[in-house]
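Since the structure comes first, as structure tokens, the remarks are kept for the end.
Each reported figure results from applying straightforward, stated rules to the coordinates on display, with no laboratory input. Values in this document were obtained by computation on a predicted structure and should not be read as measured data. Heads up, the Cβs are rebuilt from the backbone with ideal geometry, glycines too, and the neighbour counts pull from every protein chain shown.
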Amino acid sequence: MAWRKLQLKLFALACVSCCAWSADQHDLQRANTKKPRNAYQGEGQEALSRVLNGHLLKSERGVVRACANWTAKELQGFMLRVLQHRSPELDRVYHNTDDRRKLQKAALTEYQNHWENVNDVVHRSPHLHKPLRDSHCREAVMWWTHHLSEDARKALRKEVVTVPMLPEEPKAECRASTEDAGEGTLCVGAEQANSCDWCHSLQSERNQTGKHAPNALLPQYVGPDDGNPHGWDRKRRCDQDYKSPPCGICEGIGGVAWSDKNEDIHMTTCVPLKLPHEVDMSTVTWPVYPKAFTHSKYKDVLIGRKTDPFCFGFFPENNSSGTECYRAEDGIMKYYDIDKEAVRTDYNLKLSGAFGYLPNITSTVTHVGKYMWIVNKMWLGLTQCICTDPGRDKCTHAPNCSSYAWHYNFADAAQYLGRERLGVEWIGEMELDHFILWSHHMWTDPKTKRLVRLWKPWNGLQVYHPDFWQDSISDASVFEVPPPQCKKGFAKITIHCDEHGNFNPGMSSGLELLEQLQREAESRAKTQLFV
């Protein structure tokens, strides 16, 4: 058996050297294109999979097979053929630009050894076959699309090669035993795509596999595979799994952004002071929230995928694809209680971007359990309520994909990068300790021991003045849900709310008023004047 494996490896290596295909200018242009065209985008993972599968059906003329109809070993055979015909020039483009499409292993034999190991794990732990198979499908489609020249694909089509499709369903949960290192390695690979579950699952589920951030410093870990579609530089975005070089002090610092363009941001100032080995670690406080708190001087710029013209009802996504909304907000008050799985923020909103000429509005966002209510007091005396299940768009089939208030200790395993003099928006220069976890960057104050600033390039900027924390909530009624404003007879405009103010995706009212507001906004845009 060992000799047979050696023969297969030698044969595969020979094929790689003799059958590698050169990329032409069109192939290289695609490789250098970081942002997919609108026709290749989708709202959320499941919708995106359906969109891309539609393109596969067209390009492969139906010679495809649904992911569920493959085994992990069959997919490994398909990926082996892709590797044997891959274009080294394309992979060099991805490696030179640190593109997420790059191959993660240096040699074909490394993939074969990895596949042999995970197959052994699945043999003794059959429940892990589905998450392994689904992750193989995603990887196989990416390789077929981005590591083969068009000439190589034409040659393989002549051999009537069947191409796998993407799974059009929620990501399969990968439950690894803490006593089986092999299961853990398999699940790290299957969990490489980002998941909001890391922060937004139930606090009681935090110790479950997939409910907290994996260790991004492990060699086999690759973070959110969105390819950095907006081309943000390392000041605006620097993820923990960046390897060449790793993210360091005064990188990924962000600032006040107002569009997806890399230059459309007031980047904060940063001066490195001390690296971790130079800091007295007894003075360092990790970025952990109080289990319950009230904060009365909070500001943020909320970032999330655009879902409506005014950017009223959106929720930060788990990757940076698509067009983002950027909404500057002055927090009047913020409340949080993890024991109640509840968070509420009262805002003054500054409508930026396309509708920046409109008056500011006030908004109250209440998230209790898996549901969220957004109450907007708008111009012309109108009130709008949006009832939403923020996890619904990401996972419609499994209850464990619901999105709850963030874990108070989601960053307790964050990596410490060092001490900096940072220009903190709305406060001024402060000496702060800088932490990173995946794509989250956080800063704490060594003097007050408080969390001060957070930045994630496609979720937003958050600033907490260190002198305005209260580690309790005086009035429990702040978490009353459904809010009275969302019930029948109060708000003139309700989105996805039933008459009792509960989430119902099939019920809305007053949409004609929202359309009237949009027409008025467009009319005012022509004059930039208010009457």
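Worth a mention:
- For segment 126-143, Karplus couplings with θ = phi - 60° (6.51, -1.76, 1.60), whole Hz, Gly/Pro x: x, 5, 8, 5, 4, x, 5, 4, 5, 5, 4, 4, 5, 5, 5, 5, 4, 4
- Tail beyond 24 Å, pair distance distribution of segment 391-490 (Cα, percent): 44
- Low-density loop positions, trypsin sites (Lys or Arg not before Pro), segment 50-114 - DSSP coil, at most 11 other Cβ in 10 Å: R61
- Across segment 297-303, rounded Karplus estimates of 3J(HN,Hα) from the backbone phi angles (6.51 cos²θ - 1.76 cosθ + 1.60, θ = phi - 60°) give 8, 10, 9, 7, 10, 7, 10 Hz, Gly and Pro being marked x.
- Karplus-derived 3J(HN,Hα), 6.51/-1.76/1.60, for each residue of segment 443-448, Hz, glycine and proline x: 10, 10, 9, x, 7, 8
- Here's how it looks for N504: its modeled amide H is under 5 Å from those of C497, D498, which are all 5 or more places away or on a different chain.
- Annotation: amide H-H contacts under 5 Å for R450 (H modelled 1.01 Å from N, sequence separation of 5 or more, or interchain): D445.
- Against the empirical curve 2.2 N^0.38 Å, the C-alpha radius of gyration of segment 68-113 lands at a ratio of 1.29.
- Other-chain or far-sequence residues with amide H under 5 Å of V64's (modelled H): V163
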